[in-house]
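Note sheet for the following structure.
The values are calculated or read from the model by the stated rules, or taken from the named source; none is laboratory data. Given the structure is predicted, the values throughout are model-derived calculations rather than measurements. For neighbour counting, all protein chains shown are included, and Cβ atoms are generated from backbone atoms with ideal geometry for every residue, glycine included.
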Amino acid sequence: MKILVVEDEKKVASFVKRGFEQEGYAVDMTSDGEEGEVYASGREYDIIVLDIMLPKKSGLEVLKSLREKNLKTPVILLTARDAVEDRVKGLNLGADDYITKPFAFEELLARVRALSRRGAQAPSSLKFSDLSLDPVTRKAKRGDEEAELTLKEYALLEYLLRNALRVLSRTLIAEHVWGQDFDTETNVVDVYINHLRNKIDKDPDKKIIHTVRGVGYVLKES
């Protein structure tokens, strides 16, 4: 899962980013409303965590603009103010949830997980061919064999499954799984693809993770 956090308080931003990364999520950060809107409009995210009080452009203004552009990415609003008017206005503008500062990271994480499970695009189990991935236990199963995954292996496989049959470039994979600070000069994507192949794609006659030479990878049946 890839999350955009738009928050200008450095301590809060660092706290949230560290927490999400420890859960295996890729996180992009920005600290003002204008840049946050640019990121949200131009990149692919699963969830946006958006502070209301931001420099240059308020979170509510950003939210209104994104919804007018028909961007449907779930948005959780962060606010230091607990006035009913703020909550109502945010929800009326298209926010999916809100949380009031100060908050426990566990609560924010629970809300993110709830939103990620909502609707038809977030099934209880992701499946392709004889491979399944349980987002709750973070375990993969290929046929009758179950595989334990590290956080990054899980994030990579989840992204491949959610984009099955779509050719994904190494850059796109890296940005989604490792975030905006990813070093494009490393071969970490190829290394982790090999980790996954060793765990869930060992049968040469039933390969589903395929290399697209010069581009990246695609999840498809042989």
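The set of residues from the stretch 201-211 being under 24 Å from the mean Cα position of the chain (by Cα) and over 21 Å from Leu126 (Cβ atoms) comprises just one member, Thr211. Based on what the data block shows, is Asp134 among the charged types (D, E, K, R) and more than 20 Å from Asp46 (Cα to Cα)? No.
With respect to Ser116, determine if the residue is in a helix (DSSP H, G or I), modelled with pLDDT under 90 and crowded, with 16+ Cβ neighbours inside 10 Å. Yes, satisfied.
Being of a type in the set (Ser, Thr, Tyr) and surrounded by 14 or more Cβ atoms within 10 Å (Cβ to Cβ) is the filter here, so list the residues in the stretch 201-222 that pass it. Selection gives Tyr217 alone. Across the stretch 183-222, the qualifying residues are those that are of a type in the set (Gly, Ala, Ser) and touching a helix residue (DSSP H, G or I) at 6+ places or on another chain (Cβ under 9 Å), and the one among them that is farthest from Ser169 (Cα to Cα) is Ser222.
Contact map, the stretch 132-157: first residue of a type in the set (Asp, Glu), second residue assigned to a loop (DSSP other than H, G, I, E, B), Cβ cut-off under 6 Å, separation 6 or more or different chains; pairs are Asp134/Ser125.
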